[in-house]
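So the structure is just underneath, and the comments pick up after that.
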Amino acid sequence: MSGIQEILLIVLIIAAIVFLPRLGRRGGSEGRPPRAAPVLSGRVRLAVLASAVWAVAAALILPPWRDGILPFALIGLGPVALGWAAAWVVLGFRKGR
């Protein structure tokens, strides 16, 4: 069970890296109002949830701490990374019009 704890610890560290700097900027002395966080559409929220579920399911089926990291990276993280990369490219082409 230590493998799951390690993965959860990594997720917690990444969340702290993302959210702690935002909490520290609340009382900004720069004089400008804080920028509002972008609103995520339902499709983006569904994509984030599907990505997380896919990665967790792949970790449970192909435990990287036991079977090696390569099958997990190819089957678990590869499709997620390719999907988000494709969405990023498509969004860039749409904004370029």
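Here are some notes:
- Top-ranked residue of the range 37-85 - restricted to ones that are within 13 Å of the chain's Cα centre (by Cα) and within 18 Å of residue 4 (Cβ to Cβ), ranked as surrounded by the fewest Cβ atoms within 10 Å (Cβ to Cβ): 53
- Helices (runs of 4 or more DSSP H) lying entirely in the range 12-97 (those with 2 or more residues that are modelled with pLDDT of 90 or more): 42-61, 78-95
The values are calculated or read from the model by the stated rules, or taken from the named source; none is laboratory data. Note that the structure is a prediction, hence the values are computed from the model and not measured. With ideal geometry, Cβ positions are generated from the backbone for all residues, glycine too; neighbour counts draw on all protein chains shown.
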